[in-house]
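Read the structure below first, then the notes.
The values are calculated or read from the model by the stated rules, or taken from the named source; none is laboratory data. This one's a predicted model, so the numbers in the text were calculated from it and none came from an experiment. Glycine also receives a Cβ, built like all others from the backbone with ideal geometry; neighbour counts cover every protein chain displayed.
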Amino acid sequence: MPQIEGLTVEDMLELAKTSPNALKHLPDERDWDGLNRKWVADILFTVERAKFEKIIKDAVKARKERLEEKNNLLVEMRPEFAQAFQNCMNFSRKSDSLISP
């Protein structure tokens, strides 16, 4: 698993605490100190894929937003242009699903 800024082993273990299925595959909580990051990620990806993918996406999105703000990458756009761009992107995604392999 790649290192994702903002996603720590502690975040992963918090997710594990909410999942009895994940807890079955982890040692007792008192032994969590020093668990291997990749091992915990593999377990969560196997037993709680949807929830784990969500926290990964949230961490990536938060990092992207921090970088955009820090590096002043945000660009103001007139509302009508933003709407036209959004409509174009929606149409593009819909037409991709119509193309059969």
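Some notes on this structure:
- Counted residues, the range 26-46 - those being part of a loop (DSSP other than H, G, I, E, B) and surrounded by 14 or more Cβ atoms within 10 Å (Cβ to Cβ): 3
- Selection count, the range 20-50, where residues are at pLDDT 90 or above and either touching a Pro at 6+ places or on another chain (Cβ under 7 Å) or closer than 22 Å to Lys61 by Cβ (or both): 7
- Boolean, Leu98 is at pLDDT below 80 and in contact with an Asp or Glu (Cβ under 6 Å, 6 or more places away or on another chain): no
- The range 65-87, subset loosely packed, with under 10 Cβ neighbours inside 10 Å and over 30 Å from Gly6 (Cα atoms), residue modelled with the highest pLDDT: Glu80
- Top-ranked residue of the range 1-25 - restricted to ones that are in a loop (DSSP other than H, G, I, E, B) and within 16 Å of the chain's Cα centre (by Cα), ranked as surrounded by the most Cβ atoms within 10 Å (Cβ to Cβ): Leu7
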